[in-house]
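K.L.:
What follows is a single structure, and I will ask about it in a moment.
The values are calculated or read from the model by the stated rules, or taken from the named source; none is laboratory data. The structure displayed is predicted, hence computed values, not measured ones. Positions of Cβ are generated from backbone atoms using ideal geometry, with glycine treated the same way; all protein chains shown enter the neighbour counts.
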Amino acid sequence: MNFRRLKDAFAGRLMLAAAVFSSVLVFIVAIALYLRSEPILEVKSLGELLLGSAWLPSQSIFGFYPFILGTVIVTALAMVFAIPLSILSAVYLAEYANERLKSIVLPLIDLLAGIPPVVFGVFGVLAVVPLVAGIAPLFKDSGIPFLNGGGYATGYSVLAGGIVLAIMVFPIIISISYEVFKAVPFEVREASLSLGATRWQTIKHAVIRTALPGIAAAVILGFSRAIGETMAVLMVVGNVVKIPSSIFDSTYPLTALIANNYGEMMSIPLYDSALLLAALILMLIILFSTLGARLILVRIERRMHG
Amino acid sequence: MDKLSEEKLFKALMIASLAVVVGSLFVVVAVIVWNGAPALSLSMITQTPKGGYYLGKEGGILNAIVGSLYLAFGSLILALMISLPAALSLQKDYIGKTKAAYYIRLSLDVLWGTPSIVYGAFGFIIMLYLGMRASLLGGIIVLTILQLPIMIRSMEEVIKMVPADLKEASYTLGATRFETTALVVVKQALPGIVTGVILSFGRGIGDAASILFTAGYTDSLPRSLFDPVASLPLAIFFQLGTPFPEVQARAYASALVLLIIVLALSIASRALSKRFMKNIIR
């Protein structure tokens, strides 16, 4: 009897240790990155690093602005494509689709989520980049802001990155917002329908409104996946250090900067510190967006379960 | 616009959106199969690169396939050893209801969202600090960190679903918390646990950014934990980066191999979890 008690207590401690260890990793990663990016923060101001647009590591000039802008534009474009398509799909799946369609489509979406980034990258190079190169000349002198292609376009561009990323975040936004729609209490629908609203009016005014915080959380989680994606984006955006003037221009996101320059960073002073600062910036963005999304989702869960 | 035609319009938009989403899956798979299949041959998956392979000469990507399997299995075992106990301790019977569990879950979610390139950079710092060079072990450790949050959170979801009655029945018979957990809860949650494990294996075998600096790359098969090791995602990346069409075609074929492995895993997890379902008490 005593031995069983002992075993129980011991196992409990061990399990707790595993849980604590896993969760402490976040802090270890953040602290390690901070310690290694400190040298550059000591000699340069944060403003100079974040807003400087020249990137000349050999002369110790590190301006992150083009890279931050690259990350922001590619991610924003991906979200412009992904948000409406994903949410409309999720509404259809949750509110209209019959069981048979759901039993086919939901597993397919899971399958899409499991495809590795590098495969999306190859897909991008084979299909999206040529497509973009094909349509860019159509907008050559269109004068439309952000679309005014500069004549010669390789296709390795902000747009190609945006399309590939959008496909990669579909499954995340769809599966989370689908769950959120499913979590809207049936009474909400009943109340609206009994007042004579049509199905669509019910969805528009009652269901979507109730689900709005959850949809926001789904979007934030999709956004954090997109912003941190490395390989797929790196393969299709061209990696040219400049500020893009249209979506047909090449760009160079933060993640690609880290991945491309790791090999040589040890040979130039402060270079490694600069790249690890880039990693730290990414991690902080993820930290805040994840916390925001989770706080919303936890609140929804509490409301559901009282 | 009256309310009925508005509904019709939006319904059409929804169906169109769903078609784009599902269609994009098929397009991705079709493009990879279409371009990869012609270059795929038996020698590609049974040979290591010979001299001049990256210029278009003889050889295959066996080094990368074997390397990826080593990396994925190694990290899977390590991650499982930490994840299962961690997920079990998040039960209500242990710390599940406490404030601490809330913060543990929150930090795991942040870990889940952290980009793999950040793990790669972190792993590289640690390895420099320890004086390790890029190696199989380094890759395994970084991939383990990558898989931990996925495994723990997905296991926790299924462990949470184990009916309280079942645990109470076990307690009533005099079983300790640990006995109940190990013999009743794990057995009951097994289908979900298996699914979680396979899904995170798929994530582990497909990730490139985290092992870019930590696992290295080599043309030979790995001999020890401390040797650098090749991997499929990086094989694809490097072959695509060469200027030779023959080698690029092999990159497409390698992408097809990776895609087949990942899709097979996904389908296997579905089938396995169905099979394990039979042993469950409802």
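K.L.:
Output the residue which, of all residues in region A:47-86 that are modelled with pLDDT of 90 or more and of a type in the set (S, T, N, Q), is farthest from A:L284 (Cα to Cα).
P.N.:
A:S86
K.L.:
A further question on this structure: Which is assigned to a helix (DSSP H, G or I), within 12 Å of another protein chain (Cβ to nearest Cβ) and either in contact with a strand residue (DSSP E or B) (Cβ under 6 Å, 6 or more places away or on another chain) or surrounded by fewer than 24 Cβ atoms within 10 Å (Cβ to Cβ) (or both), of B:A134, B:A121, B:A175, B:A182?
P.N.:
Working: B:A134 fails: assigned to a helix (DSSP H, G or I); B:A121 fails: either in contact with a strand residue (DSSP E or B) (Cβ under 6 Å, 6 or more places away or on another chain) or surrounded by fewer than 24 Cβ atoms within 10 Å (Cβ to Cβ) (or both); B:A175 fails: assigned to a helix (DSSP H, G or I).
Answer to the check: B:A182.
K.L.:
Suppose we filter B:A39, B:A72 for residues that are surrounded by 21 or more Cβ atoms within 10 Å (Cβ to Cβ) and in contact (Cβ under 8 Å) with a residue 40 or more places away in the chain; which single one remains?
P.N.:
On the way: B:A39 fails: surrounded by 21 or more Cβ atoms within 10 Å (Cβ to Cβ).
The unique qualifying residue is B:A72.
K.L.:
So, one more: Please tell me if A:L284 is modelled with pLDDT of 90 or more, assigned to a helix (DSSP H, G or I) and surrounded by fewer than 19 Cβ atoms within 10 Å (Cβ to Cβ).
P.N.:
Details: modelled with pLDDT of 90 or more: yes; assigned to a helix (DSSP H, G or I): yes; surrounded by fewer than 19 Cβ atoms within 10 Å (Cβ to Cβ): yes.
It is true that A:L284 is modelled with pLDDT of 90 or more, assigned to a helix (DSSP H, G or I) and surrounded by fewer than 19 Cβ atoms within 10 Å (Cβ to Cβ).
K.L.:
Filter region B:213-245 down to the residues that are within 14 Å of another protein chain (Cβ to nearest Cβ), surrounded by fewer than 18 Cβ atoms within 10 Å (Cβ to Cβ) and of a type in the set (A, V, I, L, M, F, W, C) and list them by number. Lay out the reasoning, then the answer.
P.N.:
Here is the first cut: in region B:213-245, the ones within 14 Å of another protein chain (Cβ to nearest Cβ) are B:213-217, B:228, B:230-243, B:245.
Checking the rest, the ones that are also surrounded by fewer than 18 Cβ atoms within 10 Å (Cβ to Cβ) come to B:238, B:241-243, B:245.
Hit for region B:213-245 is B:F238, nothing else.
K.L.:
Answer yes or no as to whether A:I296 is surrounded by 23 or more Cβ atoms within 10 Å (Cβ to Cβ) and part of a helix (DSSP H, G or I).
P.N.:
On the way: surrounded by 23 or more Cβ atoms within 10 Å (Cβ to Cβ): no; part of a helix (DSSP H, G or I): yes.
The answer is no for A:I296.
K.L.:
Can you give me the number of residues within region A:210-237 that are more than 18 Å from B:V110 (Cα to Cα), in contact (Cβ under 8 Å) with a residue 40 or more places away in the chain and surrounded by 23 or more Cβ atoms within 10 Å (Cβ to Cβ)? Walk me through it before giving the result.
P.N.:
Going residue by residue through region A:210-237, those that are more than 18 Å from B:V110 (Cα to Cα) are A:210-213, A:215, A:231-237.
Filter once more, keeping what is in contact (Cβ under 8 Å) with a residue 40 or more places away in the chain: A:213, A:215, A:231-237.
Remaining after also requiring surrounded by 23 or more Cβ atoms within 10 Å (Cβ to Cβ): A:231-237.
Adding up the residues that qualify gives 7.
K.L.:
Can you list residue pairs whose Cβ atoms sit under 8 Å apart, with the first residue in region A:269-286 being closer than 12 Å to A:T255 by Cα and the second being among the basic types (K, R)? Count only pairs 6 or more apart in sequence or on different chains.
P.N.:
A:L276/A:R36
K.L.:
May I pose another question? Count, please, the residues in region A:81-97 that happen to be more than 23 Å from the chain's Cα centre (by Cα) and over 13 Å from A:I208 (Cβ atoms).
P.N.:
Total meeting the criteria: 2.
K.L.:
Does region A:9-68 hold any residues that are closer than 30 Å to B:E179 by Cα, out of contact with any Lys or Arg (no Cβ under 7 Å at 6 or more places or on another chain) and not hydrophobic (A, V, I, L, M, F, W, C), and which are they? First the steps, then the outcome.
P.N.:
Kept after step one, since they are closer than 30 Å to B:E179 by Cα, are these residues of region A:9-68: A:9-25.
Adding the requirement that they be out of contact with any Lys or Arg (no Cβ under 7 Å at 6 or more places or on another chain) leaves A:9-11, A:13-25.
Result: A:R13, A:S22, A:S23.
K.L.:
Filter region B:199-219 down to the residues that are assigned to a helix (DSSP H, G or I) and either modelled with pLDDT of 85 or more or hydroxyl-bearing (S, T, Y) (or both) and list them by number. Quick ask: steps written out before the conclusion?
P.N.:
Initial filter on region B:199-219 (assigned to a helix (DSSP H, G or I)): B:199-206.
Result: B:S200, B:F201, B:G202, B:R203, B:G204, B:I205, B:G206.
K.L.:
Which helices (runs of 4 or more DSSP H) does region B:1-114 wholly contain that include 2 or more residues that are of a type in the set (S, T, N, Q) and within 10 Å of another protein chain (Cβ to nearest Cβ)?
P.N.:
Working: elements: B:3-36, B:42-46, B:62-89, B:99-113.
Per the criteria, B:3-36, B:62-89.
K.L.:
Taking region A:69-103 on its own, how many of its residues are surrounded by 19 or more Cβ atoms within 10 Å (Cβ to Cβ), over 13 Å from B:K11 (Cα atoms) and of a type in the set (S, T, N, Q)?
P.N.:
So the answer is 3.
K.L.:
Please specify each residue of region A:250-281 satisfying the condition of being assigned to a helix (DSSP H, G or I), touching a Pro at 6+ places or on another chain (Cβ under 8 Å) and among the small types (G, A, S).
P.N.:
Across region A:250-281, the qualifying residues are A:S273, A:A274.
K.L.:
Can you pull out every residue in region A:238-249 that is away from every other protein chain (no Cβ under 14 Å) and either surrounded by 23 or more Cβ atoms within 10 Å (Cβ to Cβ) or assigned to a loop (DSSP other than H, G, I, E, B) (or both)? Break it down into steps so the answer makes sense when it comes.
P.N.:
Applying the first criterion (away from every other protein chain (no Cβ under 14 Å)) to region A:238-249 yields A:240-249.
Answer for region A:238-249, where residues must be away from every other protein chain (no Cβ under 14 Å) and either surrounded by 23 or more Cβ atoms within 10 Å (Cβ to Cβ) or assigned to a loop (DSSP other than H, G, I, E, B) (or both): A:V240, A:V241, A:K242, A:I243, A:P244, A:S245, A:I247, A:F248, A:D249.
K.L.:
Ok, one more. If I filter region B:251-266 for residues that are of a type in the set (A, V, I, L, M, F, W, C) and outside any helix (DSSP H, G or I), do I get at least one hit?
P.N.:
So in region B:251-266, the residues of a type in the set (A, V, I, L, M, F, W, C) come out as B:251, B:253, B:255-265.
Those left that are additionally outside any helix (DSSP H, G or I): none.
No: region B:251-266 contains no residue that is of a type in the set (A, V, I, L, M, F, W, C) and outside any helix (DSSP H, G or I).
K.L.:
So which residues in region B:185-212 are more than 13 Å from every other protein chain (Cβ to nearest Cβ) and either more than 24 Å from the chain's Cα centre (by Cα) or over 30 Å from A:A232 (Cβ atoms) (or both), if there are any at all?
P.N.:
If the condition is that a residue be more than 13 Å from every other protein chain (Cβ to nearest Cβ) and either more than 24 Å from the chain's Cα centre (by Cα) or over 30 Å from A:A232 (Cβ atoms) (or both), then B:K187, B:Q188, B:A189, B:L190, B:P191 are the ones that fit.
K.L.:
Condition test on B:G196, is it at positive phi and modelled with pLDDT under 85?
P.N.:
Numbers: at positive phi: no; modelled with pLDDT under 85: yes.
No; evaluated as a whole, the condition is false for this residue.
K.L.:
Could I ask something else about it? Can you tell me which condition A:Q201 does not meet? The list is (1) more than 14 Å from the chain's Cα centre (by Cα); (2) at the interface with another protein chain (Cβ under 10 Å from one of its Cβ atoms); (3) under 28 Å from B:V257 (Cα atoms), and all the others hold.
P.N.:
(3)
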